[in-house]
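Each value in this text was obtained by applying a stated rule to the coordinates, not by laboratory testing. Model, not experiment: these values are computed from the prediction. Heads up, the Cβs are rebuilt from the backbone with ideal geometry, glycines too, and the neighbour counts pull from every protein chain shown.
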Amino acid sequence: MQLLDSVNSLDDLRKLGVDELSKLAEEIRKLIIEVVSVNGGHLASNLGMVEVTIALLRVFDPPYDKVLFDVSHQSYTYKILTGRREAFKSLRKTDGISGFIKSSESEFDVFGAGHAGTSISAALGFAAERDRRQGKEAVVAVVGDASISNGISLEALNNVRDTTNNLIVVLNDNNMSISRNVGALSKAFGRMLGNPRYNRVKSAIESVGIRRLKLSWLRKTYHGLESRIKSFFLPNAPFENMGIRYIGPINGHNIRQLIDAFESAKEANLPVLVHVDTQKGKGYMPAKKNPENWHSSNPFDIETGVRIKCDPGDSWSEVFGNELVKLAEKDDRIVAITAAMGNGTGLDIFEKNFSDRFFDVGICEGHQMTFSAGLASAGLRPVVAVYSTFAQRSIDSVIHDIALQKLPVVICLDRAGVVPGDGPTHHGVFDIALMRPIPNIVIMQPRSAASLARMLRTAMSLPCPSVIRYPRSCAPLCDDADDGETIPIGSAAIIDSAESPEVAIWTLGNEDEFSGKTSELLLKSGINSVRVDARFAKPIDEALLLKQIQEGVKIFLTLEDGVSSGGFGTAVEEFINSQPESDVKVIRMGWPDSFVTHASTKTDLMRLYGITPEAAAERILEVKSKSGRF
């Protein structure tokens, strides 16, 4: 019987001897690797956080004590040890548990998270409420070294001493975000971890055993000595200067040291930051050697580390990266900007070819946009690559700094549309509705690899900002070959058409399977249709819409991988409704006015939310029967 099988509660965890906890950590790592190899998920970050999480749950008592995770893609051990060990096999699957902290999933998940920089701010909220009622529970924010340089984290740290005297921040330092860390704060942490004199003296003191003594006055004596050592070797430690006591750096894989550090932090009467040094990918050699590549993984073979690829061909991210390199070879004004996701967005190939034209700003999406606006104002042609879900954080910068000044920044939104396994925090379904009302902006979505290449060229030719969105999948090779030309702004393309169509199916992006099946179902009911690749969410092809109305189309069906409210379909409906005496109907299909859950596949999600060809055909037939026309 495994040791993990005997841990069914936090009380069981606390009954184990400290020496047994290392064996427990090995078993948890094995379980994480096994489940992620089948389900996919975040691997390297979770493998690095096993001992830290065990120590946290040994010292603190959630849900009474509040433990909040920043991003929470490192929370698998926390889920396993807080009553979800059996459910862990359903991770990221349809009807299974989430890959992130989710407040509706467990009482232990006190604050949901999927984006960087949230934990300290939210923890301050919990601490302020506790202080107001004179509560005694601990509040712990777990944050990564990349996330702490995020603007929200810095704003929160600036407010800690004015808000509470009792907050614990656990800084997980693995020198990584998704890509390798950048910036002054990262370098400062590196100096703390790497100062040989400081760590040698600190280790010598710890070897005497003071840290293992349980008497609080001895602890205080030790920490007074430690503080003097830090001030001598690290006079510019940033947290101490903000009134936050700094403990560390602690070996993040030494459970004894972690427990002692957390107990010391728990006893303190002022805010404390515990700096732990962990290794991403620990326990699985492929992830340890290349943590960036194993940050988030498809299913894989454990023995070989070979990924199981669901679709043939290159991903949209790879197509984007390769095409951008081709353009950059001809135009030295082109520069690329990422927010800690060079590999994830396909910009790794650009960096290899043009390192002096590649900028990684860290997890700072607002800065990413305004920095790009500055580059454009100076005469360069910046291309921003960012996940759609994270671009949400930069909307003010897009409006105020880019669009208002009509600057030619190209914003490429990766992971646009649903990201099934990751769920609501990562679905990129809001970008069209958020950006479509912004003046001076063009929004496109390609149907194929060839059309993405054309759209990049088109964007580069524009005197205004543009957005190109594409999903997390492989880019299909449709029959719309790249002719080397740009695309006329706001022009759609007819995919195929029956004679005298009565229904027009307008899709944004590659939805050929959906529109083709819908067209077949309509034909069986005696209704001819035309299928259109919209290509643009803004501006839409108003001329083609009018032409189709004049030719007898009575129903327009729109489909988009985004929210239906305020999206591409809404633009079509607004235009048609603006026409005088128009009795043409518009049926909009997209994601509903709710946060879409996670599931195994996009197909599962579409079925769950009724976005299927059968549902589309049924709605068209219903409209036809009510109108009595055709």
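Listing for the model above:
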quantity: Separation between Cα centres of region 244-263 and region 14-63, rounded to whole Å; calculated: 17 Å
quantity: Nonlocal amide H pairs with S297, under 5 Å, H built at 1.01 Å; calculated: G41, H42, L43
quantity: P(r), alpha carbons of the chain - 20 Å bins starting at zero, rounded %; calculated: 18, 47, 27, 7, 0
quantity: Inverse mean reciprocal Cα-Cα distance (Kirkwood Rh) of region 423-515, Å; calculated: 14.9 Å
quantity: Ranked by how many other beta carbons lie within 10 Å on average, peptides 406-419, 284-297 from highest; calculated: 406-419, 284-297
quantity: Proximal charge balance of D301 [Cβ under 14 Å; K/R count +1, D/E count -1]; calculated: 0
quantity: Computed magnitude of the charge dipole of region 493-627 (debye, nearest 20; Cβ of K, R +1, Cβ of D, E -1); calculated: 180 debye
quantity: Per-peptide average of other Cβ atoms within 10 Å, ordering 438-444, 330-336 highest first; calculated: 438-444, 330-336
quantity: Options V553, G248, S72, ranked by Cα towards positive dipole end of the chain, top entry (Cβ charges); calculated: G248
quantity: Degrees separating the helix 18-39 axis from the principal Cα axis of the chain, which is the longest one; calculated: 10 degrees
quantity: Set K288/K352; K66/K602; K23/K136; K66/K289 screened for pairs whose C-alpha atoms are more than 30 Å apart; calculated: K66/K602; K23/K136; K66/K289
quantity: Size descriptor, Kirkwood hydrodynamic radius, that averages inverse alpha-carbon separations across region 316-469, Å; calculated: 15.0 Å
quantity: Environment charge at R531 (Cβ cut-off 9 Å; Lys +1, Arg +1, Asp -1, Glu -1); calculated: -3
quantity: Quotient of Cα Rg and 2.2 N^0.38 Å for region 493-627, N being how many residues it contains; calculated: 1.00
quantity: Rounded Å value of the spacing that divides the Cα centres of region 424-498 and region 582-630; calculated: 23 Å
quantity: Protection proxy ranking of 157-167, 242-252, 556-566 - average other beta-carbon atoms within 10 Å, highest first; calculated: 556-566, 242-252, 157-167
quantity: Sequence-distant aspartates and glutamates (8 or more away, or on other chains) whose Cα lies within less than 19 Å of K524; calculated: D496, E499, E502, D512, E513, E614, E618, E622
quantity: Dipole axis of the chain (+1 Lys, Arg; -1 Asp, Glu on Cβ), positive-most option in G40, V586, A156; calculated: A156
